[in-house]
Amino acid sequence: MELKMCPVDVISVCSAGGEIRPLRLRVEETHQLLRIDIEEVISMRKVQYVGIEAQIFLCRATVEGKQTLFELKYTIRTHSWCLLRKVC
């Protein structure tokens, strides 16, 4: 398991009921911008870190020809996305 904890750009969609779903992310790896299309959101859980609400998404995508699982964190108050970790 590779720990990342870095901010990323995410394109997401919001449903009429207020649920958010990530569709694509862009992350910088080895001085390159890597665009990753999210194929499936496996699970979503709500968490609180010291009173700050966040949602953790477990996602599956194909990266460089390999199936990869990774966790994205969406912080509600700041509307920011962070790549928590990547499971190789």
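Things worth noting here:
- Charge context of GLY18, other residues only, Cβ under 15 angstrom, K/R +1, D/E -1: 0
- Note on VAL27: accessible area approximately 10 square angstrom, rounded to 10, probe 1.4 Å, nucleic acids and ligands left out.
- Alpha-carbon centroid distance for the pair the stretch 63-87 / the stretch 19-38, whole angstrom: 8
- For the chain, averaging the sequence separation of C-alpha pairs within contact (under 8 Å, six or more residues apart) and dividing by the residue count gives a relative contact order of 28 percent.
- P(r) tail fraction, the stretch 22-88 - alpha-carbon pairs more than 15 Å apart, %: 53
- Rounded accessible area of ARG60 (nearest 10 Å², 1.4 Å probe): 70
- Inter-site label distance for THR68 and LEU34 at 7 Å from Cα along Cβ, in nm: 0.3
- Over the stretch 8-48: Kirkwood hydrodynamic radius from C-alpha pairwise inverse distances, Å: 11.8
- Ordering ILE20, ALA61, GLY51 by the projection of their Cα atoms onto the charge dipole of the chain, which places +1 on the Cβ of Lys and Arg and -1 on the Cβ of Asp and Glu, puts GLY51 at the extreme positive end.
- Taking every protein chain into account, the 1.4 Å probe leaves CYS59 with about 0 Å² of accessible area, to the nearest ten.
- With a cut-off of 17 Å on the backbone N, the residues of the stretch 14-43 near the modelled label site 7 Å out from LEU58 along Cα-Cβ are 22, 39-43.
- Sites excluded, GluC sites (Glu not before Pro) in DSSP loops with at most 10 other C-beta within 10 Å, longest stretch of the chain: 20-63
The values are calculated or read from the model by the stated rules, or taken from the named source; none is laboratory data. Small disclaimer: the values here were computed from a predicted structure and weren't measured. For neighbour counting, all protein chains shown are included, and Cβ atoms are generated from backbone atoms with ideal geometry for every residue, glycine included. For the accessible areas, the whole protein counts, side chains as well, though only heavy atoms, and no ligand, DNA or RNA atoms are used. Shrake-Rupley method; radii C 1.70, N 1.55, O 1.52, S 1.80 Å.
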